[in-house]
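**Q** I have a structure I would like to understand better, so I am pasting it below and will then ask my questions one at a time.
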Amino acid sequence: MKNWHLLGAQDLQILCQGSFAEDDVGRHGVASAVGSANASRGLEVAVANLQEYCNELENRLLARFDAASQRRELSTMAECAKILSQFNRGTSAMQHYVATRPMFIDVEIMNTDIQVVLGDEGLEADSNIIADGLSTLYKEIADTVRKEATTITAVFPSPNEVMAILVQRVLEQRVTTILDRILIKPSLASLPLEEGGLLKYLRILAVAYNKTKELAKDLQAIGCGDLDIEGLTESIYVAHKDEYTEFEQASLRQLYQTKMAELRAEAKQQSDSTGSIGRAKGASLTISPQQQISVTVITEFVRWNEEAITRCTLLFSQPTVAASVRSVFACLLDQVSQYLTEGLDRARESLNEAAAMRDRFVIGTSVSRRVAAAAASAQEAAASAGESSFRTFMIAVQRCASSVAILQQYFSNTISRLLLPVDGAHPSACEDMGSAVSVVEAAAHKGLLQCIDTVMSEVERLLSLEQKATDYRTPDDGALPDHRPTNACTRIVAYLSRVLEVAFSALEGLNKQSFLTELGNRLHKGLLNHWQKFTFSPSGGLRLKRDITEYGDFVRSFNAPSIDEKFEQLGIVANVFIVAPESLASLYEGTPSIRKDALRFIQLRDDYKTSKIASMLNSITPE
């Protein structure tokens, strides 16, 4: 092979023409200012000629390098690269080599890249198709770079510098061109869910980011010199990551709104199919399954959030990830709180409608028998509606409790570990969750109070309907006193046993204790007020004690000691109807806690006036 020389004889002659002229002037002894100026210009010409020659030589070497590259003559390429390394440290040669790689200039390759990634689906391709396509493309890119690395190592004196330029060009040109086609950032408000919604963009962003990170690791393993490949990869995605959290929140809101619209449409469809006949039968008081709280829906909310959190942890590291996670988790808190609260409000509405039915059909004192019978039938229907709405609300509360438990479990298993490493993040999230749950609890509390109102309204209706004035008096016909519970008591205990069955299973812990305690107090007070309407004979007093025992046995299932005590004291108070008048004072003086109720009940004895009990008590009772 012909040896290469930096300068030939002809080249030297051309280069040095200016210098020879300067020497000739000097030999003739010309030392004028004009001569000095000419000498300076001659030197500039020489430098310019040298630079021009170097450029020409470099171009000739690059041309020979390209020719050898096409023939895969590595030794010639290496010799050219070695000489070119003397020109600007070989930068132009390295950049020229990288720039002429087919992957950067062949339009067909670039079009094929898009086809490989998107497949036949084109821009309609989902994240799974794109993930597979990127895996295939990035493997091909890594294989190409690996082959180039072999050539570069054999040819260039500084292969690491060439690899840095090559890998940078791969990421900035080939990879970025692909990403610009598949990562089209949508408007936060305009992309309908039918076209994949914001979630499609976020899923593609996640798979593209993950696959690009994997490619970067492969390229780093192949070799990329001093290139900060991790920083370069992050810079490619910086525009997407800057607005990521806002897009994730908007996507979660979009999913929620779409789900709620879907449930409303299903409920309307069912309502329309029920028709006027169903409504005439009181179907409006029945909440459709789509309107009821569903633990399955809550689980779906959590699944959405869990997917979003997975993207957060993929795209960010601490402490940024904690801030993003907290923002995304806040969306779940809003969704759960709003969904459960609205579900409880719908269940409460059925309680309100049942109450309105009860109030609408209150029987007056002076009505015809036909009107009274119609009103009584309507009251029975209202009572049935009340019992149904009571059950519906209790089921809603039970599902709320299950939903909150799912939320808390998700927080403990997934969210906590991501927030704990950052000071203040975990306590703040706990506070946010507590606020969200307290809103649900407030709605549940309102409904539970309405449930108690519903139960007590029915208890009062049964007392009014079933309790007879003769229940607590001595039979006029001389028959033996009836020591069985009164019919009113029997029906009320049966009603309470039936209606509260769902409450016992639906409520737990403090909620259950609070509800049953409040109901027990209301029942105790209601019975006291009810019995104030009657007079009692001694045998009636015994029957009253039998009723009190029945009520007391039932409320013991509440596991509320304070309520048990109240009904036990009622049993003692009832003794005022049984003992002789002269023994009354000693009765309540022996049990001071019943004094107030005892004095009220004594006035209900049927012999209160005839036995002059009032004057008897006044003489022994201090003012």
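The values are calculated or read from the model by the stated rules, or taken from the named source; none is laboratory data. Keep in mind that this is a model prediction, so the values were computed, not measured. Every residue, glycine as well, gets a Cβ built from its backbone with ideal geometry; the counts of neighbours run over all protein chains shown. To get the accessible areas, we keep the full protein, side chains included, count just its heavy atoms, and leave off ligands, DNA and RNA. Shrake-Rupley method; radii C 1.70, N 1.55, O 1.52, S 1.80 Å.
**Q** Hey, what's the Cα Rg ratio for region 500-609 versus the globular rule of thumb, 2.2 N^0.38 Å?
**A** Compared with the compact-globule rule of thumb, region 500-609 sits at 1.18.
**Q** Separate question: Please list, in chain and number order, the residues 5+ apart from Phe536 or on another chain whose amide H is under 5 Å from its amide H, with Hs placed from the backbone.
**A** It is Arg605, Asp606, by chain and number.
**Q** A further question on this structure: What is the Cα radius of gyration of region 388-475 over 2.2 N^0.38 Å, N being its residue count?
**A** Against the compact-globule rule of thumb, the ratio is 1.87.
**Q** Report in % the part of the accessible area of region 407-494 that belongs to carbon and sulfur, leaving out ligands and nucleic acids; probe 1.4 Å.
**A** 53 percent
**Q** Something else now. Mind listing which trypsin sites (Lys or Arg not before Pro) in region 66-173 are in a DSSP loop and have 14 or fewer other Cβ atoms within 10 Å?
**A** Those satisfying the criteria are Arg71, Arg72.
**Q** Counting pairs of Cα atoms in region 397-537, how many percent are more than 26 Å apart?
**A** Summing the P(r) of region 397-537 above 26 Å gives 48 percent of all pairs.
**Q** Using a 7 Å offset from the Cα along the Cα-to-Cβ direction at both Phe504 and Ser435, what is the distance between the two label points in nm, to one decimal?
**A** Between Phe504 and Ser435, the label points sit 4.1 nm apart.
**Q** Enter the accessible area per residue of region 406-455 (Å², integer; probe 1.4 Å; all protein chains in place).
**A** 47 Å²
**Q** What's the extension gain from Glu172 to Arg360 if we count 0.36 nm per residue and subtract their Cα-Cα distance?
**A** Between Glu172 and Arg360, full extension yields an extra 60.1 nm.
**Q** How much space per residue, in cubic angstrom, does the convex hull of the C-alpha atoms of region 69-122 take up?
**A** That works out to 88 Å³ per residue.
**Q** Find, among the GluC sites (Glu not before Pro) in region 491-582, those assigned to loop by DSSP (not H, G, I, E, B) with at most 16 other beta-carbon atoms within 10 angstrom.
**A** Glu508
**Q** On the protein heavy atoms, probe 1.4 angstrom, tell me the percent of accessible surface of region 65-112 carried by carbon and sulfur.
**A** Looking at region 65-112 in its full context, I get 51 percent from C and S.
**Q** Across region 514-623, how many lysine pairs separated by 8 or more positions, or lying on different chains, have Cα atoms within less than 25 Å?
**A** Summing the qualifying lysine pairs gives 16.
**Q** Also, I was wondering about something else. Work out, in µm²/s and without decimals, the Stokes-Einstein translational diffusion coefficient of region 432-476 at 4 °C, 1.567 mPa s, Rh from Kirkwood over C-alpha pairs.
**A** Stokes-Einstein gives a translational diffusion coefficient of 95 µm²/s.
**Q** Right, here's the next one. Find the accessible area per residue for region 474-608; the probe is 1.4 Å, ligands and nucleic acids are left out, and the unit is Å².
**A** Normalised by residue count, the accessible surface of region 474-608 is 48 Å².
**Q** Report the calculated FRET efficiency for Lys213 and Arg264 (r = Cβ-Cβ distance, R0 = 51 Å), to the nearest 0.05.
**A** Plugging the Cβ-Cβ distance into 1/(1 + (r/R0)^6) gives 0.75.
**Q** Let me ask something additional. Residue by residue through region 482-491, what is 3J(HN,Hα) from phi via Karplus (6.51 cos²θ - 1.76 cosθ + 1.60, θ = phi - 60°)? Round to whole Hz and write x for glycine and proline.
**A** Per residue, the Karplus-derived 3J(HN,Hα) values read 8, 9, 7, x, 5, 4, 4, 4, 4, 5 Hz.
**Q** Between Arg89 and Arg41, what is the label-point separation in nm under the 7 Å Cα-to-beta-carbon projection?
**A** If labels sit at Arg41 and Arg89, their model points lie 3.8 nm apart.
**Q** A further question follows. Mind listing the phi-derived Karplus ³J(HN,Hα) values for region 428-439, rounded to whole Hz, using 6.51, -1.76 and 1.60 with θ = phi - 60°, and x for any glycine or proline?
**A** Coupling constants for region 428-439: 5, 5, 4, 5, 4, 5, x, 5, 5, 5, 5, 5 Hz.
**Q** Sorted by packing (mean other beta-carbon atoms within 10 Å per residue), highest first, where do 393-399, 264-270 land?
**A** Peptide ranking by packing, descending: 393-399, 264-270.
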